[in-house]
Amino acid sequence: MLEESAIVVKIEHGTVWVVGTQSNACAGCTQKTSCSSTALANVLKKKPIPVDSELALTIGDTVTVAIDERDLLRAAFLMYLLPLCALFIGAGIADSLVSDSTPYGDVWVAGGALTGFALALFIMHTIQKYAFLNYYTRPVVVKKC
């Protein structure tokens, strides 16, 4: 689990909204490569995010927020591998449809690759917007500090 401290800024309908705080537990924050929790810290510091909590919290409480590392790895896998595969699949489909005597055949293959890439980006955006981040990978409040 990746953990980061945060401050509760809003509570509505059982959802807690938090904003990240400056972490000074170790002096490694200046060396971003030395700590894996900087990924979670960067997300939390940008804007308030909703987190799940079973604790009784009030606005202004300092809490520890955590997210499972496996969820981040799945998201990274989806973000990098799906567009790459779609790019090659789009190019392969276009190449199979275009004959060798077609003028500007390479342009059609490149267009097919870009179409596959754009379609993968659209699918990823839809998944992220409606399902993936909203329901499956929400951070949780581990403890109240």
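Computed over the alpha-carbon atoms, region 72-145 gives an Rg to Rh ratio of 1.26, Rh here being the Kirkwood radius from the mean inverse distance. A simple spin-label model places pseudo-atoms 7 Å from Cα toward Cβ; at residue 88 and residue 1 they are separated by 3.8 nm. In this label model, residue 143 and residue 101 are separated by 7.5 nm, measuring between points 7 Å along each Cα→Cβ vector. Computed with every protein chain present, the accessible area of residue 69 is close to 90 Å² [probe 1.4 Å].
The values are calculated or read from the model by the stated rules, or taken from the named source; none is laboratory data. These numbers were taken from a predicted model, which means no experiment stands behind them. For neighbour counting, all protein chains shown are included, and Cβ atoms are generated from backbone atoms with ideal geometry for every residue, glycine included. Surface areas here come from the heavy atoms of the whole protein model, side chains and all, with no ligands, DNA or RNA. Shrake-Rupley method; radii C 1.70, N 1.55, O 1.52, S 1.80 Å.
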